[in-house]
Amino acid sequence: MHGLHHSLSTLPSFAKAANKTAKKSTFASCKTLRIRAMRAVVQRVNSASVEVDGNMVSEIGPGLLVLVALHESDTDSDADYICRKVLNMRLFTNESTGRGWDQNVMQRNYEVLLVSQFTLYGVLKGNKPDFHVAMPPQKAKPFYESLVDKFRKSYRPDGIKG
């Protein structure tokens, strides 16, 4: 909300008057619009890996790296949605036609690396991060594991790493 206010307040003076009403309605909608669901950051990769304490935990070749943040109110339907969307995103070029943004990870027979990343739900409270809306660890671990299983059942087990 602060970024939106800043960008509106930097408009030239003639535009400020015209946007005075829009600013009020924009802020009203920002206050009521609270997205409370699983978040995923998806990146195409030639290869990706996860290391913990210097030990390789998981790795993939070409495909998608997906950072997944679980919200405290997430349900199985949120997991189904993320799984369906990630696997069906047309992010790759169709090599036979040359058409860009035409094929999904499954059509290319690529891999997916899922990484649990609760910090995507971090909110700054002053200068300190607050993660209170992220799913608590005791609930998040089994939920994340079920998400990985959903991906494996929806694609192919050896194509999903988590």
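Checked against the criteria, Leu147 counts as out of contact with any His (no Cβ under 6 Å at 6 or more places or on another chain) and either of a type in the set (Ser, Thr, Tyr) or at pLDDT 95 or above (or both).
Of the residues making up segment 109-121, those that are part of a loop (DSSP other than H, G, I, E, B) and buried (at least 16 other Cβ atoms within 10 Å of the Cβ) are Tyr110, Gln117. Would you mind stating whether Leu91 is open to solvent by 40 Å² or more (accessible area, probe 1.4 Å), hydrophobic (A, V, I, L, M, F, W, C) and either within 29 Å of Arg36 (Cβ to Cβ) or in contact (Cβ under 8 Å) with a residue 40 or more places away in the chain (or both)? For Leu91, the condition - open to solvent by 40 Å² or more (accessible area, probe 1.4 Å), hydrophobic (A, V, I, L, M, F, W, C) and either within 29 Å of Arg36 (Cβ to Cβ) or in contact (Cβ under 8 Å) with a residue 40 or more places away in the chain (or both) - is not met. Which condition from (1) surrounded by 13 or more Cβ atoms within 10 Å (Cβ to Cβ); (2) in contact with a strand residue (DSSP E or B) (Cβ under 9 Å, 6 or more places away or on another chain); (3) part of a loop (DSSP other than H, G, I, E, B); (4) not small (Gly, Ala, Ser) is the one that Asp74 breaks? Failing condition for Asp74: (2).
The values are calculated or read from the model by the stated rules, or taken from the named source; none is laboratory data. It should be emphasised that the depicted structure is a prediction, and the values quoted were computed from it without experimental measurement. For neighbour counting, all protein chains shown are included, and Cβ atoms are generated from backbone atoms with ideal geometry for every residue, glycine included. Protein only, heavy atoms only, side chains kept; ligands, DNA and RNA dropped before computing areas. Shrake-Rupley method; radii C 1.70, N 1.55, O 1.52, S 1.80 Å.
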